[in-house]
Every structure is written in C-alpha cells, then in structure tokens.
1. Need the failing condition index for Ser95 against (1) within 15 Å of Val151 (Cβ to Cβ); (2) within 14 Å of the ligand (Cβ to nearest atom), just the number.
2. Can you name the residue in segment 1-40 that is aliphatic (A, V, I, L, M) and in a loop (DSSP other than H, G, I, E, B) and, of all such residues, is surrounded by the fewest Cβ atoms within 10 Å (Cβ to Cβ)?
3. Out of all the residues in segment 149-160, is one or more crowded, with 17+ Cβ neighbours inside 10 Å, more than 12 Å from the ligand (Cβ to nearest atom) and within 27 Å of Val29 (Cβ to Cβ)?
4. With Ile23, Ile35 as the choices, which residue is within 20 Å of Thr121 (Cβ to Cβ), among the β-branched types (Val, Ile, Thr) and away from the ligand (no atom under 13 Å from the Cβ)?
5. For the structure I just gave you, tell me whether Val29 is within 13 Å of the ligand (Cβ to nearest atom) and of a type in the set (Val, Ile, Thr).
6. Please specify each residue of segment 93-109 satisfying the condition of being exposed (fewer than 13 other Cβ atoms within 10 Å of the Cβ), in contact (Cβ under 8 Å) with a residue 12 or more places away in the chain and assigned to a helix (DSSP H, G or I).
7. Among the residues of segment 57-92, write down those that are within 11 Å of Ala36 (Cα to Cα) and either assigned to a helix (DSSP H, G or I) or within 14 Å of the ligand (Cβ to nearest atom) (or both).
8. Suppose we filter Asp31, Asp77, Asp13 for residues that are modelled with pLDDT of 95 or more and under 27 Å from Ala137 (Cβ atoms); which single one remains?
Amino acid sequence: MSEKTAIYPGFFDPVTNGHLSIISRGLHVFDNLIIAILNNPHKTPLFSVEERIQMIKQSIKGKPHIEVDTFDGLLVDYAVKRNSNVILRGLRALSDFEYEFQMALMNRKLNGYVQSIFLMTDYKWFYTSSTIIKEAASFGGDVSGLVPRVVNDKLKEKFRQLKKT
Ligand code: PNS
C-alpha cells in the first residue's frame with residue numbers, strides 16, 4: 001500500500017498546543033504530514049514566516065514524517081503540487097464550523113479530487129486560538145500551557161520589543 005500524505009495548512013501565527021495536538025493525532029491517521037504555512041502578503045502577521053517555521057520546527061523537535069513548508073496561491077493547487085489529495089483541519093467550537101464548511105466546499109469546487117478531513121480538537125484547546133493567545137500575551141497575560149515553551153518565550157520577547165518601538 002502506498003504511503004498517505006496529508007497537508008495541514010494554516011497561518012500558524014504562532015503555532016499553539018491545539019495545532020500540535022492535531023499534528024500528533026494526524027500522524028495516527030496519515031503516514032506523513034506537510035505543515036503548510038500560508039505566505040499571504042495581504043496579511044500582517046505578528047511573526048515572520050521564518051520565525052513561524054522555526055517555532056514549529058522546535059516544537060516538533062525533529063519528529064519524523066513531518067515536513068514544514070510554505071505556500072502561496074490556492075491550497076488545492078499546492079496539495080496537487082505536493083502529490084497529496086488530503087487537507088487536514090482541526091475543528092474547535094461551533095464557531096469554526098461555518099468557516100470550515102465554506103472553505104471545504106470551495107476547495108472541493110476548485111478541485112473535487114482533494115478531500116478535506118477534520119479532527120475534533122481535544123477539549124483542552126476548544127476555546128483557544130492563535131489570535132486570542134496573542135491578545136492575552138500582548139497585555140502580559142500568562143499563556144504558558146497553551147503554547148509550546150519556545151512560542152511562550154518568543155511571544156514575551158516580541159511584545160517586549162514592540163513596546164520599545
Ligand atoms: O490558520 P487559518 O486561518 O485557519 O488558515 C486558513 C488557510 C490558510 C487554510 C486558508 O486561508 C487557505 O487555504 N488559504 C489559501 C487560499 C485558498 O486556497 N483559498 C480558497 C479556499 S477558501
């Protein structure tokens with residue numbers, strides 16, 4: 001049987017423990033995962049693409065069967081380019097559902113060969129997101145336990161720098 005590779009796309013600005021949970025559970029279902037960071041010039045992220053790659057790499061600590069890559073343009077085109085027909089997404093609370101449904105249907109319209117597969121997030125990460133974590137961290141809130149240590153350190157450093165400027 002040939003190996004199955006899934007694409008796990010997102011902004012990962014920054015990667016959270018919720019993402020890491022989907023990554024490790026995704027590896028119980030697929031042989032290989034490609035973590036694909038969208039490089040969107042129209043969005044201003046907190047962390048550069050290079051910083052996001054580094055934080056993910058340090059968080060997965062050289063675990064096998066995971067590649068970290070970037071993409072731009074359509075996700076389905078990237079999946080085809082990488083010889084995959086699976087998009088893996090995590091589903092959190094109800095609020096995710098409509099957006100994910102829309103995105104999955106659009107992706108299917110764009111390319112009916114590429115399938116979207118969802119894993120329910122662990123209850124621990126039900127209400128966390130990169131956005132809310134950044135918001136809390138920007139005001140000095142303690143987000144340890146929600147993000148890997150490297151991300152926690154980087155968030156503190158980033159907001160310290162931003163306050164100086
Ligand atoms: O981290 P996010 O915001 O959940 O990631 C969203 C992402 C990057 C998966 C989505 O915006 C995306 O796939 N963008 C690429 C452009 C594309 O293919 N759009 C058509 C489907 S909506």
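The values are calculated or read from the model by the stated rules, or taken from the named source; none is laboratory data. Bear in mind the structure is a predicted one, so any value in this text is a computation, not a measurement. No Cβ is skipped: glycine too gets one built from the backbone with ideal geometry, and neighbour counts run over all protein chains shown.
1. (1)
2. Our first condition is that a residue be aliphatic (A, V, I, L, M); within segment 1-40, this holds for 1, 6-7, 15, 20, 22-23, 27, 29, 33-38.
Subset that is in a loop (DSSP other than H, G, I, E, B): 1, 15.
On the way: Met1: 4, Val15: 28.
Out of the qualifying residues, it is Met1.
3. So the first thing to find is which residues in segment 149-160 are crowded, with 17+ Cβ neighbours inside 10 Å, and the list is 150-152, 154-155, 158.
Keeping just the survivors that are more than 12 Å from the ligand (Cβ to nearest atom) gives 150-152, 154-155, 158.
This time we only want the ones that are within 27 Å of Val29 (Cβ to Cβ), so: 150-151.
There is at least one residue in segment 149-160 that is crowded, with 17+ Cβ neighbours inside 10 Å, more than 12 Å from the ligand (Cβ to nearest atom) and within 27 Å of Val29 (Cβ to Cβ).
4. Numbers: Ile35 fails: away from the ligand (no atom under 13 Å from the Cβ).
On inspection, the qualifying residue turns out to be Ile23.
5. Values: within 13 Å of the ligand (Cβ to nearest atom): no; of a type in the set (Val, Ile, Thr): yes.
No, not satisfied.
6. Passing the criteria: none in range.
7. Quick first cut of segment 57-92, residues within 11 Å of Ala36 (Cα to Cα) only: 66-72, 75, 78-79, 82, 87-88.
Residues satisfying the conditions are Asp69, Thr70, Phe71, Asp72, Leu75, Tyr78, Ala79, Arg82, Ile87, Leu88.
8. Numbers: Asp31 fails: under 27 Å from Ala137 (Cβ atoms); Asp77 fails: under 27 Å from Ala137 (Cβ atoms).
After applying the criteria, what remains is Asp13.
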